Amino acid sequence: MSAVLERPSMHLWEASIEHYLDYLKVERQASPHTVTNYERDLRSIAASAAAREVEGWTRLDAKDVRSIIAEQHREGISGRSLARRLSAVRGLYNHLLRHGEAEHNPAQDILAPKDRKSLPATLDPDEVSRLLTQNLNDPMICRDLAMFELMYSSGLRLAELVGIDLADLDLSVGQVRVTGKGGKVRDLPVGEHAIEAINKWLGYRRSMPGSDERAVFLSSRGKRIAPRTVQMRLKKLAESQGLDRDCYPHMLRHSFASHLLESSGDLRAVQELLGHADISTTQIYTHLDFQHLAQVYDESHPRARRTPANRD
């Protein structure tokens, strides 16, 4: 039995936990994973409440729950885990209410604290150049470079990249049509480096098996390339170039957004290019280069530089 159950007053909590877990297993037919998580969550809340000398679930109030959640967040428990713990507590009390063993649900209106959003990982322009500088004589490497040049050039999601058909490309005007989340279609510009790489790949593609396939990017077997293959090929490419980074496809999209926003400052344009429904999603990229922008400000703005003190 867990150490948290050794507290003498825990028997006041245990019976209700066991009854609720039996209900989840038998009547709700919850998965073993869910039952195990809820058991751990409820016992954690119960142990914290018992430490506060709360005498059982019927004595726990909203103030206690809020205080326990805040304490556990300070101890390093993530907001996501705490949200699940609150869900477990709400479920337990709903069960108690149905059986007349409680008069209220103290966790009903309590929200878990939000975790601080981690900033997306990006490559700097030099790392992108290093990644995409390769010998184009090998067909599969040529395909890889075309894919990754296009991802970085147009800020594509992985699913958008693998879904591109030949009919979606118009390299004469530097444009690609992609289908994003929710089936939303958008036309995006394609840069010169990506156009060159794609044209080189299309030259190889014509002689490959499955060349009549609609997809632009094919596997070695002539089928539309799988997302997992793209992930593996990028990782392999980064390793071959000596990049000491765990590179993944979405990192190229993040890099596109960060570099474009840093250069243009046009948040709305970047939002449209990325296909974000809400501009708040795009705003995370405004934080990526703050230190760089602050340095530029300190070095360039006439009112930012400190005037050396006059010496006698």
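Tabulated values for the structure
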| quantity | calculated |
| --- | --- |
| Rounded to the nearest 20 debye, dipole of region 125-296 from Cβ charges on Lys, Arg, Asp, Glu | 740 debye |
| Unit charges on C-beta of K, R, D, E only; dipole of region 3-98, Debye | 380 debye |
| Alpha-carbon gyration tensor eigenvalues x 5, square-rooted, for region 3-98, Å | 20, 16, 12 |
| Simple spin-label estimate for D115 and E192 in nanometres, 7 Å along Cα-Cβ | 4.3 nm |
| Unit charges at the beta carbon, dipole of the chain: most positive-side option, S31, L111, M208 | M208 |
| Per-residue Cβ neighbour rank within 10 angstrom, fewest leading, I279, I45 | I279, I45 |
| Geometric extent, Cα atoms of region 125-296 - Rg, Dmax (angstrom) | 16.1, 53 |
| Contour minus Cα-Cα distance for K63 and Q241 (0.36 nm per residue) | 58.5 nm |
| Within the chain: Cβ-based charge dipole about Cα centre, in debye rounded to nearest 20 (Lys, Arg +1; Asp, Glu -1) | 420 debye |
| Rough spin-label spacing in nm, given labels placed 7 Å along Cα→Cβ, for R206 and H19 | 7.7 nm |
| The chain - mean residue ellipticity at 222 nm from DSSP helices (-39,500 (n - 2.57) per run, n ≥ 4, rounded to 500) | -16500 deg cm²/dmol |
| Rounded to 10°, Cα long-axis angle of helix 290-300 versus longest principal axis of the chain | 60 degrees |
| Rounded FRET efficiency, nearest 0.05, which uses the C-beta distance separating Q175 from D278 and R0 of 25 Å | 0.50 |
| Selection from L60, S129, Q72, by position along the positive dipole direction of region 45-130 (Cβ) | S129 |
| Convex hull volume of region 197-283 per residue (C-alpha atoms, cubic angstrom) | 148 Å³ |
| Whole-number Å³ per residue for the convex hull built on Cα positions in the chain | 264 Å³ |
| Residue order, fewest to most beta carbons within 10 Å, for S263, S255 | S263, S255 |
| All lysines inside 18 Å of K236 as judged from Cα atoms, apart from same-chain residues fewer than 8 positions distant | none |
| Dipole of region 3-98, positive end: most advanced residue of L21, N94, A83 [Cβ charges, Cα centre] | A83 |
| Per-residue ³J(HN,Hα) for region 63-79, Karplus 6.51 cos²θ - 1.76 cosθ + 1.60, θ = phi - 60°, Hz, x for Gly and Pro | 5, 5, 4, 4, 5, 5, 4, 4, 5, 5, 5, 5, 7, x, 6, 5, x |
| Separation of alpha-carbon centers, region 140-191 and region 231-274, rounded to whole Å | 14 Å |
| Length-normalised contact order of region 125-296 in % [C-alpha pairs under 8 Å, at least 6 apart] | 23 percent |
| Amide H contacts under 5 Å for R224, placed H, 5+ residues apart | S219 |
| Whole-Hz couplings from phi, Karplus 6.51/-1.76/1.60, listed for region 91-97; x for Gly and Pro | x, 4, 5, 4, 5, 5, 5 |
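FYI, it's all coordinate maths here, none of it is from the lab. Everything numeric here is computed off the predicted structure, so don't read it as measured data. Cβ: placed from backbone, ideal geometry, glycine included. Neighbour counts: every protein chain shown.
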